[in-house]
């Protein structure tokens, strides 16, 4: 299934890459690779992640050993990546 990133998700990816490159350069490519693998998994099995409680149709997939979550929804022809959230930050408003 086709993957589409919202502007917010693209901004999240850029901010994550920038921050990790400065603070943890050895980890940055590992996180990037894990994000790509998880998005590929979502594309194959879009219903595999749990649904959020406050936003109908939105699912959330944790990034495993890294403290990020990918929020996404499925449309008739694509998976829309909405946001990539770091667990240490204020919770994402799932009701938006």
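Every number here is computed from the coordinates shown, using simple stated rules; none is lab data. Here the structure is a predicted model, which means the values were calculated and not measured. In this analysis, Cβ positions are derived from the backbone assuming ideal geometry, glycine residues included, and neighbour counts consider all displayed protein chains.
Scan the range 5-48 for residues that are over 17 Å from residue 78 (Cβ atoms) and not in a helix (DSSP H, G or I) and report the count.
Here the count works out to 4.
Does the range 1-15 hold any residues that are within 15 Å of residue 68 (Cα to Cα) and more than 11 Å from the chain's Cα centre (by Cα), and which are they?
Hits for the range 1-15 are 11, 14, 15.
Looking at residue 9, is it at negative phi and in contact (Cβ under 8 Å) with a residue 40 or more places away in the chain?
Criteria met by residue 9.
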